[in-house]
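Quick notes on the structure that follows.
Just so it is clear, none of the values below were taken in a lab; they were calculated from the coordinates. Just so it is clear, the structure is predicted and the values come from calculations on it, not from any experiment. So basically every Cβ, Gly included, is an ideal-geometry build from the backbone, and we count neighbours across all protein chains shown.
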Amino acid sequence: MVDAAGGTPPAVADLPGGGWREPLAEWARRCWALYRSHPWILTATAMRRRHMGPGQLAWLDTALAVLARTGLPAARQHDTFLLIIGHIRSLAQQLVDADEEADREWQRLTGELLDRHRDRFPALTAALAAGAFAPPQPDEDPLEYGLQRILDGVAALVERA
């Protein structure tokens with residue numbers, strides 16, 4: 001079922017430029033689109049040591065083929081894949097768990113609590129007041145924010161190597 005939904009992985013290795021960053025970012029965007037289209041994939045792929053089908057293996061192979069261009073050791077390439085897929089899965093879990101009414105209630109109750117105890121939690125009080133917990137704006141992409149930070153870190157490793 002997962003293989004059928006995932007289909008053929010994107011041919012990101014063929015993107016112009018021959019580098020690793022943009023092809024890997026595009027792979028992540030396509031993977032994120034898959035999780036958004038089929039939220040059940042999160043649960044279907046959550047079992048520890050679950051056997052992967054040929055489709056899932058092809059997605060992993062595509063990511064690792066791009067990561068090989070970094071020149072990082074194979075273990076760091078795999079770690080990078082895990083960071084990116086972990087970011088995607090975390091966002092997918094947030095989508096699955098999203099409940100606007102519960103979020104509004106949490107903000108109301110937390111706001112009341114912090115009004116009474118703002119001296120105990122000054123950083124949290126300031127963050128809440130500044131909108132840190134507000135939902136993203138339509139022009140903000142939660143995938144891109146985390147993905148670019150991960151890729152910045154990988155780029156730093158590649159430069160040091």
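Once you wrap a convex hull around the alpha carbon atoms of region 33-94, what is its projected area averaged over all directions, in nm²?
Answer in nm², one decimal: 4.5.
What does the convex hull of the alpha-carbon atoms of the chain project to on average, in nm²?
12.4 nm²
Pop out the ³J(HN,Hα) list for region 32-39 in order, Karplus 6.51 cos²θ - 1.76 cosθ + 1.60 with θ = phi - 60°, rounded to Hz; leave Gly and Pro as x.
Going residue by residue, I get 4, 4, 5, 5, 5, 6, 10, x Hz, with x marking Gly and Pro.
Roughly what percent of Cα-Cα pairs across region 1-58 reach past 13 Å?
64 percent
Nearest 500 deg cm²/dmol is fine: what mean residue ellipticity at 222 nm does the chain get from its DSSP H runs of n ≥ 4 alone, each adding -39,500 (n - 2.57), divided by its residue count?
-22000 deg cm²/dmol
Pick out, in residue order, every one of the trypsin sites (Lys or Arg not before Pro) in region 19-85 that is DSSP loop and has at most 14 other C-beta atoms within 10 Å; say none if there are none. Spell out each step's value before the answer.
Values: sites: R21, R29, R30, R36, R48, R49, R50, R69, R76; in loops: R48, R49, R50.
Filter output for region 19-85: R48, R49, R50.
So which trypsin sites (Lys or Arg not before Pro) in region 115-161 are both in a DSSP loop and have at most 13 other Cβ atoms within 10 Å of their Cβ?
Filter output for region 115-161: R120.
Please give the net charge around W59, taking every other residue with its beta carbon less than 15 angstrom from that of W59, where Lys and Arg add +1 and Asp and Glu add -1. Walk me through the numbers before you get to the answer.
Details: positive: R29, R30, R50, R89; negative: D3, E26, D61.
So the environment of W59 carries a net charge of +1.
What does the charge count near L15 come to, summing +1 for each Lys or Arg and -1 for each Asp or Glu among other residues with Cβ under 9 Å from its Cβ?
Net charge around L15: -3.
Within 12 Å, Cβ to Cβ, of G71, how many net charges do the neighbouring residues add up to if Lys/Arg are +1 and Asp/Glu are -1?
+2
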